[in-house]
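The values are calculated or read from the model by the stated rules, or taken from the named source; none is laboratory data. As the structure is a computational prediction, the values presented were derived from the model and not from experiment. Cβ atoms come from the backbone with ideal geometry, glycine included; neighbour counts cover every protein chain shown.
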Amino acid sequence: MTTAVVLSFAALVLLCALALLWSRWPAWLKGLLVLAVTAFYFYADDALHALSGLPSRDALPERFVLLAAVIEEPGAKGKGALHVWVNELHDGKPAAQPRAYRLPYRKDLHALLDEGMKKVRQGVSQMGTAEPKSGTKGFAWLRPGSDEQAVKIRDLPVPQLPEK
């Protein structure tokens, strides 16, 4: 599907280039066309990023249920990554569909996810919370690594059933 989107965007850029080079449109209209195609590129990139099948590089939800985790340890081939499959919690209820996330490798988070997955395999559901790490104020894009989160995982509380 992404190949089709890339080819469609390439065709749009080709049509834009043809319109810029061989049309008799006024300069302001050509400038508007360039701005529109540029804005469409960023919109399409965001839409593709949000596809459910691809792991998201976004921050983890504030509260979630841990479903699965795959850990790629750092080595000669790469920096490593933590792939996590979670189901976000809204008002104590899980979301309709789970979501995959890709997190940068951190040794402490590796140990936390490993312990959580051991409990999941034993049948103990795990609930997690993710809060942004506190740091200096200002624009986050000026401080690389400022988007890290403090992740905690614990046993999901057993639901209390009403008496008969």
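Annotations
- Residue check for Leu48: of a type in the set (A, V, I, L, M), touching a residue at least 24 places away in the same chain (Cβ under 8 Å), within 30 Å of Tyr105 (Cβ to Cβ) and not in a helix (DSSP H, G or I): no
- Test: residue in the stretch 123-131 that is under 20 Å from Ser56 (Cα atoms) and surrounded by fewer than 16 Cβ atoms within 10 Å (Cβ to Cβ): yes
- Residues that are in contact (Cβ under 8 Å) with a residue 12 or more places away in the chain and more than 24 Å from Leu48 (Cα to Cα), drawn from the stretch 4-36: Ala19, Leu20
- Flag if Asp108 is at pLDDT 90 or above and either buried (at least 17 other Cβ atoms within 10 Å of the Cβ) or not in a strand (DSSP E or B) (or both): yes
- Flag for Ala47 being more than 30 Å from Ser125 (Cα to Cα) and either surrounded by 14 or more Cβ atoms within 10 Å (Cβ to Cβ) or aliphatic (A, V, I, L, M) (or both): yes
- Picking from residues in the stretch 65-103 that are free of Cβ contacts under 8 Å to residues at least 40 places away in the same chain and under 14 Å from the mean Cα position of the chain (by Cα), the one that is surrounded by the most Cβ atoms within 10 Å (Cβ to Cβ) is Val84.
- Among the criteria (1) modelled with pLDDT under 85; (2) over 23 Å from Ala81 (Cβ atoms); (3) part of a loop (DSSP other than H, G, I, E, B), the one Trp25 does not fulfil is (1).
- In the stretch 72-105, of all residues being part of a strand (DSSP E or B) and charged (D, E, K, R), the one that is nearest to Gly128 (Cα to Cα) corresponds to Glu88.
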